[in-house]
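Just below is one structure, and these are the notes that go with it.
The values are calculated or read from the model by the stated rules, or taken from the named source; none is laboratory data. All values reported here derive from a predicted model rather than from experimental measurement. Quick reminder, even Gly has a Cβ in these numbers, built from the backbone with ideal geometry, and neighbours come from all protein chains shown. Accessible surface areas use protein heavy atoms only, side chains included; no ligands, DNA or RNA. Shrake-Rupley method; radii C 1.70, N 1.55, O 1.52, S 1.80 Å.
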Amino acid sequence: MSILIYNISNNKQEAISNKLLLDLAFQMRNEIAHGAKSYDPYEYVKLGGEKILAQAVYWRMKSLVAHMIVLAIIKMMKVPGMKTLRFDYEDITKLIFI
């Protein structure tokens, strides 16, 4: 997952922010899916020490997920017959050296 975060981020600070957002979204998803908790849209959650509305996690994630899908489609189009999509160290090497 970290390679994908580097792919969708423009700098180190944005990568850290995106990682925190993905972690929070995954935590919220698990709590909802396993019945531990439900979130009111006007309830506040902590994202990296900052309080934000629970619904803001969805709206921020929406653009990240769209970006991830675009990257996945681009990668799949470049490799004919690809059945399993993975972002690997070759992808990060391209980011660093190209």
Residue hits (region 51-73; over 25 Å from residue 84 (Cβ atoms) and assigned to a helix (DSSP H, G or I)) are 54, 55, 56, 57, 58, 59, 60, 62, 63
Test result for residue 66, under 30 Å from residue 97 (Cα atoms) and out of contact with any strand residue (DSSP E or B) (no Cβ under 7 Å at 6 or more places or on another chain) = yes
Scope region 7-50; condition surrounded by 13 or more Cβ atoms within 10 Å (Cβ to Cβ), part of a strand (DSSP E or B) and out of contact with any strand residue (DSSP E or B) (no Cβ under 7 Å at 6 or more places or on another chain); matching residues = 47
Every residue from region 61-94 that is open to solvent by 60 Å² or more (accessible area, probe 1.4 Å), within 15 Å of residue 2 (Cβ to Cβ), touching a residue at least 12 places away in the same chain (Cβ under 8 Å) and not charged (D, E, K, R) = 89
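Would it be correct to say that residue 58 is modelled with pLDDT of 90 or more and surrounded by 13 or more Cβ atoms within 10 Å (Cβ to Cβ)? Talk me through it step by step, then tell me what you get.
On the way: modelled with pLDDT of 90 or more: yes; surrounded by 13 or more Cβ atoms within 10 Å (Cβ to Cβ): yes.
The answer is yes for residue 58.
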Under 7 Å by Cβ, and 6 or more places apart or on different chains, what pairs join a residue from region 16-35 that is under 14 Å from residue 59 (Cα atoms) with one that is open to solvent by 70 Å² or more (accessible area, probe 1.4 Å)?
-> 21/60
